[in-house]
Structures are given as C-alpha cells and as structure tokens.
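Presented below is the structure to which this report refers.
The values are calculated or read from the model by the stated rules, or taken from the named source; none is laboratory data. Source: prediction; values computed, not measured. Glycine gets a Cβ as well: all are built from the backbone with ideal geometry, and neighbour counts include every protein chain shown. Ligands, DNA and RNA are excluded from the accessible area calculation, which covers all protein heavy atoms including side chains. Shrake-Rupley method; radii C 1.70, N 1.55, O 1.52, S 1.80 Å.
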Amino acid sequence: MRKKLVVGNWKMNMTRSEASAAIESLLLLIEPTTEVELAICPTYLTIETVAQQFRRSRFHVGAQDVFWMPSGAFTGSVSAVMLKDMGCHFCIVGHSETRGRFGKLEIPESTVSYFAETDETVNLKIKALLFQSIHPILCVGETLAEREAGRTDEVIQAQLKGALQGIEGAEFRDGVVAYEPVWAIGTGKTCDSAEASRVCSMIRKALTDILDEDAAQAIRILYGGSVKSGNAEELFSQPDIDGGLVGGASLVAEEFSKIVRSA
Ligand code: PEP
C-alpha cells in the first residue's frame, strides 16, 4: 500500500525568519502521529533552517531544483551532493516553471529560455539525485494548447520516457511523479478530479511500460495545480492519486495543515 505524500513547494517565497515561523506553526498544527508523509521544498537559502526545525519530526525537507554535476565551474548552481549534505530527502525536477512553460507570463518572453529545462536535463538531474539517494519528484503536465489539441497523454508519455531514459525500475521505485497540468498551476483552476484520476492512471500504465510493474505500483503519483483545502479530499481519494504537490496554499500553515489532514 502506497503511503500518501503531501509536498509543499514554497517557490521563491519566505525569508529565513518567515520560514522559521511558518514551520513552527505547521509543527503545532499537524499531528505528529499523522500517517501522511510530508515534505516542504523551500528555497536553497532556507533548506538548512527548515531541516533543523524538522530534525526531531517525521517531516522531510526537499529542494526545488538541482544541477547535475557534482561540483565545478557552474556559477549559480547547486549540486545533489550539496543537497544531500543539507539533509534533503526530496528534490523537484521538471517543474513547468523551470521548464520555462509558464501558465501565465510573469517574466519577459525573451527570458523564458533562461529556465529552459528539457527532458534531457531532467534526466541528468534525476540520475544525479538517485546517485545521492535523494528521491526525485518528477513533474509532468500539458499546457492548455496541448490539452485543447488532444495531446495530453502523448505529451506526458514523452516527458516520462525522456526523463526516465536509462533508469531501472528498482532505482526509481522510491521516486515520485507529480501530474501538474500547466494551465492549473497558480491559476486557481483545478483539473476536474475524474480527469486528474484518468491522467494519473495513464501515468501509472506508462510507468509500467517504461520501467516495470513493480516500480509502477510503488511510485507515488501526486496531483498538483491549485490544490486547496476545499478540493484536496476529493482529489486525494482517487485510486491513482497518492497525494499532492501544493504551491500557493502551502505558504499558509492553517490552509496547508487542512490539506494534509484531507490526505
Ligand atoms: C506548484 O507549484 O507545483 C503548484 C502546484 O502550484 P499551485 O498549487 O500554486 O498551483
């Protein structure tokens, strides 16, 4: 039986003092006996703060991105070795924001390619994380244009295939896949639970084909995209949805703790 997992993606939010206060509230609001596995992915600069506060809890800290080389002349980058050293248990890869596929354009169009993560670089990042025994949270999902063109399944299958190239089922069985329709991220639009469930089942079937049955049954598949306390229970009760990747709503301890309780 797969354990439910709820991950908060704090994105570029929270100074150290804000992070510390938010974690203090979360630890008070969420019962330590919860059966749900919980992780927070803060910015690189607050990983250590969150890790220290989680030290005596059952909660995990994760990162939002990684560079695949272990060290060297890669200005501005952080390696999996460094994340391991900070105590990271999870790391997000292939988020639509780092792939450069913004749901709404918040930056000048000419700078989108700065993010430009591809299936190939996502694959390199996953391999670097697995080498350090950090569990990747691989994000996949279609844009609105791809959905409207009827290409949802094809796009996601290609993302999974590219990201998992050369990786064995046994290596990725503790990994996580997050289905995040790009059009639902930060927009307040949630994917209908029946459709989210259908896509997550399709993802599990694709994982069986790309990896193997054993790994596909073990991998947690999360839904992400405007998850809130009001829709979490219905989404998380779908058979192939094993929890959520939560952005905006993870910044408010009360709201996030209600989402965790729904799981
Ligand atoms: C995300 O950033 O992964 C996400 C799902 O964001 P939000 O919950 O704000 O849509």
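Relative to the Cα centre, the charge distribution of the chain, modelled as +1 at Lys and Arg Cβ and -1 at Asp and Glu Cβ, gives a dipole magnitude of about 460 debye. Taking one quarter of the surface of the C-alpha convex hull of the chain gives a mean projected area of 13.2 nm². Using equal-weight Cα scatterers in the Debye expression, the normalised intensity of the range 94-220 in log10 at q = 0.11, 0.12, 0.15 Å⁻¹ is -0.38, -0.45, -0.70. For I92, the amide hydrogen comes within under 5 Å of the amide hydrogens of A63, Q64, D65, I137, counting only partners 5 or more places away or on other chains and with H modelled in the peptide plane.
Of the listed pairs K11/K205; K125/K161; K4/K258; K125/K228; K84/K161, which have alpha-carbon separations greater than 19 Å here? Listed pairs above 19 Å: K11/K205; K125/K228; K84/K161.
Cβ-Cβ distance of E35 and A73, R₀ of 35 Å, FRET efficiency by 1/(1 + (r/R0)^6): the value works out to about 0.20.
Ranking S226, S25, S110 from most to least accessible surface, computed with a 1.4 Å probe over the protein chains only, gives S110, S25, S226. Here the peptides 213-221, 165-173 are ranked by packing, the mean other Cβ count within 10 Å, and the order with the highest first is 213-221, 165-173.
Accessible surface ranking for R204, R101, R58, 1.4 angstrom probe, highest first: R58, R101, R204.
Based on Cα contacts under 8 Å between residues 6+ apart, the range 127-212 shows a relative contact order of 38 percent.
What the chain shows is 46 Å² of accessible area per residue, with the surface traced by a 1.4 Å probe over protein heavy atoms.
Accessible area of the chain with a 1.4 Å probe: how many percent of it is carbon plus sulfur?
Roughly 53 percent, rounded to a whole number.
Computed over the chain, the per-residue total of -39500 (n - 2.57) for DSSP H runs of n ≥ 4 gives a 222 nm mean residue ellipticity of -11500 deg cm²/dmol, rounded to 500. Under the criterion of Cα pairs below 8 Å and six or more residues apart, the relative contact order for the chain equals 21 percent.
Figure note: K161, K127, K11 ranked by solvent-accessible area, largest first, 1.4 Å probe, ligands and nucleic acids not counted: K161, K127, K11.
Could you tally the net charge around G225, taking each other residue with its Cβ under 10 Å from the Cβ of G225, Lys/Arg +1 and Asp/Glu -1?
Result for the local shell: 0.
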